[in-house]
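Below is one structure; the comments refer to it alone.
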Amino acid sequence: MTTRSRTIKVDYLARVEGEGALYVKIKNDQVTDVQLKIFEPPRFFEAFLQGRSYREAPDITARICGICPVAYQMSAVHAMEDAFGVTIPDPIRALRRLIYCGEWIESHALHIFMLHAPDFLGYADAIRMAKDHADIVQRGLQLKKAGNALVALLGGREIHPINVRVGGFYKAPTKRDLATVTEQLQSARETALETVRWVAALPFPDFERDYEFVALQHPNEYPFNDGRLVSNHGLDIAVQDYNAHFVEEHVSHSTALHSVLRDRGAYFVGPLARYNLNFDRLSPLAQEAARDAGLSPVCTNPFQSIIIRSVEVLYACDEALRLIETYEMPDQPAVRIEPRAATGHACTEAPRGILYHRYQVDDQGLIREAQIVPPTSQNQKTIEDDLYAFVPHHLDLPKDELTWQCEQAIRNYDPCISCSTHFLTLHLEREDSL
Amino acid sequence: MIRIGVLGIGNEARGDDAVGLVVARHLRHETQDHVTVQEVHGEGSRLLDRWQNADAVILIDASCSGAAPGTIHRLEPLTQTIPHGLFPCSTHAFGVAEAIELARVLQQLPPRLVVYGVEGAQFDIGSELSAAVLRAVPDVVRQVRQDIAAFRTLELGEDGHA
């Protein structure tokens, strides 16, 4: 009997240990091993935060990710406010939703147009795609710009916003300030609607699995900052109970930790999870666009995450416009904080899924211990499981194409390796042996 | 007056990757007469917005091509493509080279563009600038100043007010 074994190996950079790599081993047309290594910057930051003031947490953690700094700031401020027993007034809460809308628009537009669409249209990257579809790429850049404008307006700067603080903002915008982006957002909303229609027509591999989707759920809002952690398999817990239900496990092939649900295993966070658990909380416009795109209120094909991301961009534009219209400037830009020795927890919905922060703080407000669980490490096991299920059905593909499709399957999750691999190269190597 | 943008790109927490930011900080106080100096974090497609209103742009980033650490590469992308592997970047991300090539396709490159790549030695998270890169910083700063001066002269010449 002939033993046929193949290995798909994608290294991002051999010279930098543990940065990120995909390894798939196939033997006798069976996948025998899948290892996805993703570098995780939060481990460094958890140690770096020890001994720092609670005030520094939002700015320090914002530096973990160049694409989603607002998410890190939001989880940090909410966790600190949880520790200090602070309740935030509605206008500040609205501003936080608004800045988060900006980040979703920016991050999702980057992924939809620059990183994921080329996979579906058969281009190696957005540059080659732009040669044939300049108008589409321009559309993506325009959308992204609207998100940037919103983050810059509220955050003081579009990248590493400096205006966010524990308790609120350093400076609250006036109603007139917010009105300056209304027109741009109205135009972005139209562009987002066109985007939903465009991505709905892309070709999608037939691939579905029975996932456990986990997301925040709020009684009447599509989630950004608040809610309980729920799943389609019965999870329904307060954010403070996160560590009782989720565990981070060391896996032999990676320095990163895999997050799993205790006694249950892999779970799925991000746009698909949010959508499936909160469809009825989307705005009527976003719900209608999703239905017109052929989606039902539950979607279990991760390749269609590009449609869900587009629906969320549309929602974020719509929600931002609503928030701007109903905004009343707060009396004070931030509430007063009295540090106390305590532990605080928060989960917010980063563009890629739930981002958990926990801080133990002393009575001087100094951080004793920090725990940060980013969405990508929560999806890591699910991504590997997807490849286990996906590869056997595509073994007839030529090597390059199979490798590409594996990468596309990983990109379904928009894994946050982009910010940590700013200078890294993609080196492709595939070995076949008989 | 010609509008000159100096953009230092990098990641503060990744050793030599911060060199673009460090060079920008050295030049920060020279922001005058239509020269703007900015630090750019995050992904590269933002560059297209950043240089939209500039007549001349100077970019500084860390490079990772295998040359000796501290080597300074100077490129003029309007007349040359960025050599493959100089600013290597995962295909999942969008880096300086990708931003420049995308802008070229979309005809959105600034009218004048100079790119510096400073060859890095260490990119581990939490690491400092390496000695070789630290030694190169004054040279890069000097060269960027020369570029700024040259752009100004160029404009004065064009306007006939030398």
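The values are calculated or read from the model by the stated rules, or taken from the named source; none is laboratory data. The structure presented is a predicted model; accordingly, all values stated were derived computationally and were not measured. For neighbour counting, all protein chains shown are included, and Cβ atoms are generated from backbone atoms with ideal geometry for every residue, glycine included.
Structure above, values below:
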{"quantity": "Odd one out for A:Glu106, checked against (1) of a type in the set (D, E, K, R); (2) at negative phi; (3) in contact with a Leu (Cβ under 9 Å, 6 or more places away or on another chain); (4) surrounded by fewer than 23 Cβ atoms within 10 Å (Cβ to Cβ)", "calculated": "(4)"}
{"quantity": "Scan of region A:88-131 for residues that are of a type in the set (Val, Ile, Thr) and touching a residue at least 12 places away in the same chain (Cβ under 8 Å), ordered by number", "calculated": "A:Ile88, A:Ile92, A:Ile99, A:Ile105, A:Ile112"}
{"quantity": "The listed residue being among the charged types (D, E, K, R) and surrounded by fewer than 18 Cβ atoms within 10 Å (Cβ to Cβ), out of A:Glu249, A:Glu319, A:Glu312", "calculated": "A:Glu249"}
{"quantity": "Extreme residue, farthest from A:Ser107 (Cα to Cα), among residues of region A:35-74 that are within 12 Å of chain B (Cβ to nearest Cβ) and among the basic types (Lys, Arg)", "calculated": "A:Arg43"}
{"quantity": "Out of A:Tyr54, A:Tyr123, sole residue that is more than 23 Å from the chain's Cα centre (by Cα), over 25 Å from A:Tyr315 (Cβ atoms), aromatic (Phe, Trp, Tyr) and surrounded by fewer than 20 Cβ atoms within 10 Å (Cβ to Cβ)", "calculated": "A:Tyr123"}
{"quantity": "One residue from A:Ile337, A:Ile354, A:Ile372 being of a type in the set (Val, Ile, Thr), closer than 30 Å to A:Ala316 by Cβ, in the same structural domain as A:Ile67 (by TED's automatic domain parsing) and out of contact with any Leu (no Cβ under 8 Å at 6 or more places or on another chain)", "calculated": "A:Ile337"}
{"quantity": "Pairs where the first residue, in region B:11-37, is within 14 Å of another protein chain (Cβ to nearest Cβ) and the second is among the β-branched types (Val, Ile, Thr) and in a helix (DSSP H, G or I), C-beta under 7 Å, 6+ apart", "calculated": "B:Asp16/B:Val133; B:Val19/B:Val133; B:Val19/B:Val137"}
{"quantity": "Selection count, region B:57-85, where residues are within 10 Å of chain A (Cβ to nearest Cβ) and modelled with pLDDT under 85", "calculated": "5"}
{"quantity": "Filter result (closer than 18 Å to A:Ile308 by Cβ, within 11 Å of another protein chain (Cβ to nearest Cβ) and among the aliphatic types (A, V, I, L, M)) within region A:83-141", "calculated": "A:Ala109, A:Leu110, A:Met114, A:Leu115"}
{"quantity": "From the options A:Pro173, A:Pro161, A:Pro205, residue that is within 14 Å of chain B (Cβ to nearest Cβ) and either within 19 Å of the chain's Cα centre (by Cα) or not hydrophobic (A, V, I, L, M, F, W, C) (or both)", "calculated": "A:Pro161"}
{"quantity": "Pair list, Cβ < 8 Å and 6+ apart or interchain, from region A:313-332 residues that are in a helix (DSSP H, G or I) to residues that are charged (D, E, K, R)", "calculated": "A:Leu314/A:Arg189; A:Cys317/A:Arg189; A:Asp318/A:Arg189; A:Glu319/A:Arg97; A:Leu321/A:Arg189; A:Leu323/A:Arg97"}
{"quantity": "Conditions (1) modelled with pLDDT under 85; (2) out of contact with any strand residue (DSSP E or B) (no Cβ under 6 Å at 6 or more places or on another chain); (3) assigned to a loop (DSSP other than H, G, I, E, B); (4) over 24 Å from A:Ser231 (Cβ atoms): number failed by A:Ile417", "calculated": "(2)"}
{"quantity": "Any chance A:His357 is surrounded by fewer than 24 Cβ atoms within 10 Å (Cβ to Cβ) and touching a helix residue (DSSP H, G or I) at 6+ places or on another chain (Cβ under 6 Å)", "calculated": "no"}
{"quantity": "Among (1) surrounded by fewer than 21 Cβ atoms within 10 Å (Cβ to Cβ); (2) within 26 Å of A:His111 (Cα to Cα); (3) touching a residue at least 60 places away in the same chain (Cβ under 8 Å) - the single one A:Phe279 does not satisfy", "calculated": "(3)"}
{"quantity": "Identity of the residue in region A:384-416, within 14 Å of chain B (Cβ to nearest Cβ) and hydroxyl-bearing (Ser, Thr, Tyr), that ends up nearest to the chain's Cα centre (by Cα)", "calculated": "A:Tyr413"}
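To keep it simple, each residue is scored yes or no on (1) among the β-branched types (Val, Ile, Thr); (2) more than 10 Å from every other protein chain (Cβ to nearest Cβ); (3) in contact with a strand residue (DSSP E or B) (Cβ under 6 Å, 6 or more places away or on another chain).
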residue	(1), (2), (3)
B:Gly95	no, no, no
B:Val105	yes, no, no
B:Ala121	no, yes, no
B:Val141	yes, yes, no
B:Ala150	no, yes, no
